[in-house]
Amino acid sequence: MSETVVGRFAPTPSGFLHLGNVFCTLLAWLYAKSQNGKIVLRIEDLDSSRCSIAKADALAKDLEWLGITWDEGAYVNEKHEDFFQSKRFDIYKVYFDALLEKDIIYPCFCSRSGLHAANAPHLSDGRYIYPGTCRKLSNFEREIKMQSRKPSYRVKVVDKGISFVDGHYGEMTYNLSEESGDFIIRRSDGVYAYQLAVVIDDALMHVNQVVRGADLLSSTAMQLYLYELLGLKAPSFTHIPLLVAPDGRRLAKRDGGMEIRILKDKLKQPELIIGWLAFMAGQLDKFEPIKVQELLPIFNPNKIPKENIIVPSELLNL
């Protein structure tokens, strides 16, 4: 008997739901539901200074209006708060302490501005490779620094390739020591980093299929490394292209006109928004209104483009 597919939506309520979010969410839904799977909704509100319950409520209502449903998680029953990351810090601490006990992580006293000022090596996309500065500190040096500065914590990476087969882009290999260096798993303010929280949550929520934007491809190797260190089972990963403006900019929360709450007022019908998304995802030969459920019989992941997708001017200029 084959394992039930469990996918997930994992929005961050730092802004309102926009078209780029929904594009990923719709495809995650189609991947899971086309395999008779389930969907979990998790609210990734790790940073309470940027996120709000009001925006989380709005995200859920916009998804419901669009007809994109979920089976477990936030807003499902009286225990739905268990699916808000801001409520799960005690769980993250257990795994964090286990890594600390094994001497796999260490305190880091470097500031981002200090790393940039020191001309740390950078990748072409602007990410810097951490040079391991604080990894080399003695216990005595760490104790002295702790008296004046709260540290973040980094995980020690190894110099080897981490390979995986992406469901859309095929075989991938990343060497963390060359492409990120030791990466942060808890910030200096005590907030657990996305990389650690998402690994723990997906494992404990039995998520075995992750469908998300291609901008997170480089995070996959970090997460697979953490799965291995923590002894947790990793899901499959499928990354999909991003929606971009004509100038190549990815759609983001700052593109207010592409927020679902605004498109809802302009288009009135969820089928119109789903139709545009299905057309951009290669599931329709031409734009036409369609319901989410009507896409299931025709869903073909092989038709999803590999390159980022320019949002049609008809939609941008509504």
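Relative to the current alpha-carbon distance between Glu171 and Lys286, full extension at 0.36 nm per residue lengthens the span by 38.3 nm.
Pairs of Lys residues in region 39-117 are counted when their Cα atoms are under 24 angstrom apart and they lie 8 or more places apart or on different chains; the count is 7. With every protein chain in place and a 1.4 angstrom probe, the accessible-area ranking of His80, His168, largest first, reads His80, His168.
Per DSSP helix of 4 or more residues, -39500 (n - 2.57); summed, then divided by the residues of the chain. What does that give at 222 nm, rounded to the nearest 500? Provide the component values of the computation, followed by the final result.
Numbers: 12 runs with 112 residues, N = 318.
So the calculated ellipticity at 222 nm is -10000 deg cm²/dmol.
Averaging the sequence gap over all C-alpha pairs within less than 8 Å and six or more residues apart, then dividing by the number of residues, gives region 1-67 a relative contact order of 46 percent.
Among Thr25, Thr133, the sequence by solvent-accessible area, most first, with a 1.4 Å probe is Thr133, Thr25. Note on the chain: with a GNM built from Cα contacts shorter than 10 Å, the maximum mean-square fluctuation among Pro241, Pro289, Pro11 falls on Pro289.
For region 259-291 versus region 200-234, the spacing of their alpha-carbon centroids is 30 Å.
So which residue, out of Ser86, Ser236, Ser111, gets the largest mean-square fluctuation from a GNM of the chain using Cα contacts under 10 Å as springs? It is Ser111. Here the Karplus relation 6.51 cos²θ - 1.76 cosθ + 1.60, evaluated at θ = phi - 60°, turns the backbone of region 79-91 into coupling constants of 9, 5, 5, 4, 9, 9, 4, 5, 9, 10, 5, 5, 5 Hz, with x for every Gly and Pro.
Suppose R0 equals 41 Å; then what is the FRET efficiency for Leu204 and Asp159 from their Cβ-Cβ distance, rounded to the nearest 0.05?
Computed FRET efficiency for Leu204 and Asp159 comes out at 0.85.
With a Förster radius of 51 Å applied to the beta-carbon distance between Ser34 and Lys102, the computed FRET efficiency rounds to 0.80. Sorted largest first by accessible area at a 1.4 angstrom probe radius, with every protein chain in place, the residues Trp65, Trp70 fall in the order Trp65, Trp70.
The values are calculated or read from the model by the stated rules, or taken from the named source; none is laboratory data. In this text, all values refer to a predicted model and were calculated from it rather than measured experimentally. As a convention, Cβ positions derive from the backbone with ideal geometry for all residues, glycine included, and neighbour counts pool all protein chains shown. Side chains are part of the model used for accessible areas, which takes the heavy atoms of the whole protein and leaves out ligands, DNA and RNA. Shrake-Rupley method; radii C 1.70, N 1.55, O 1.52, S 1.80 Å.
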